[in-house]
Amino acid sequence: TKALQQLQSSRELVWLREEVDARGRRPMVVGHSPASASVAAIANKVANTPVTVLITGESGTGKEVLARYLHEHSDRSHRPFVAINLPAIPSELVESTLFGHEKGSFTGASRQAFGKFELASGGTLFLDELAELRLDVQAKLLRFLQEREIERVGGTRTISLDVRII
């Protein structure tokens, strides 16, 4: 039974590796309009660069699809892609969700928690609906963009991170 389970696991691992490799080779699905072709061309140019990217567009236009495409075609593709819909998080939890918190930093913080920035370390963090952030949290985000450092809620030390922001 163990030998059969091992064989099945080996086959699944091979299949999953092939799927991951194939996913990275897929072209971005776009429409036939000149605007769509322009977006695809720009995406292909910036995908493998370390730059921060701002994607704008109406709700439902595929901003997250484009962000995933950029991640999958970058040298960070083997690292995490973390997407977060900011309006879906209660405003009092946004800072902790993004930057993490230390034990005892607020009521209910019974243990240290990593934020989305740390979870995306080495990879890509997609912040959906960024304009919805409170100004104080936007200031902490700006600090990260300038210095590549965060500080957990209730923390006293800075944490250097390598995360691409989209």
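Taken over segment 142-166, the criterion of being part of a loop (DSSP other than H, G, I, E, B) and open to solvent by 20 Å² or more (accessible area, probe 1.4 Å) is satisfied by 148, 151, 154, 156, 157, 158, 161, 162. For segment 114-135, the set of residues classified as farther than 23 Å from residue 71 by Cβ and without any contact (Cβ under 8 Å) to a residue 24 or more places away in the chain consists of 135 only. Can we say residue 58 is in a loop (DSSP other than H, G, I, E, B), at pLDDT 75 or above and among the acidic types (Asp, Glu)? Against the criterion (in a loop (DSSP other than H, G, I, E, B), at pLDDT 75 or above and among the acidic types (Asp, Glu)), residue 58 qualifies.
Determine, yes or no, whether residue 92 is in a loop (DSSP other than H, G, I, E, B) and exposed (fewer than 13 other Cβ atoms within 10 Å of the Cβ).
On the way: in a loop (DSSP other than H, G, I, E, B): no; exposed (fewer than 13 other Cβ atoms within 10 Å of the Cβ): yes.
Judged against the criteria, residue 92 is not a match.
A count restricted to segment 114-141 and to residues that are of a type outside the set (Val, Ile, Thr) and open to solvent by less than 20 Å² (accessible area, probe 1.4 Å) stands at 10. Scanning segment 51-79 for residues that are open to solvent by 50 Å² or more (accessible area, probe 1.4 Å), closer than 11 Å to residue 126 by Cβ and under 11 Å from the mean Cα position of the chain (by Cα) yields 64, 68.
The values are calculated or read from the model by the stated rules, or taken from the named source; none is laboratory data. Quick caveat: nothing in here was measured; it's all calculated off a predicted structure. Heads up, the Cβs are rebuilt from the backbone with ideal geometry, glycines too, and the neighbour counts pull from every protein chain shown. We work out accessible area using only protein heavy atoms, side chains counted, and drop any ligands, DNA or RNA first. Shrake-Rupley method; radii C 1.70, N 1.55, O 1.52, S 1.80 Å.
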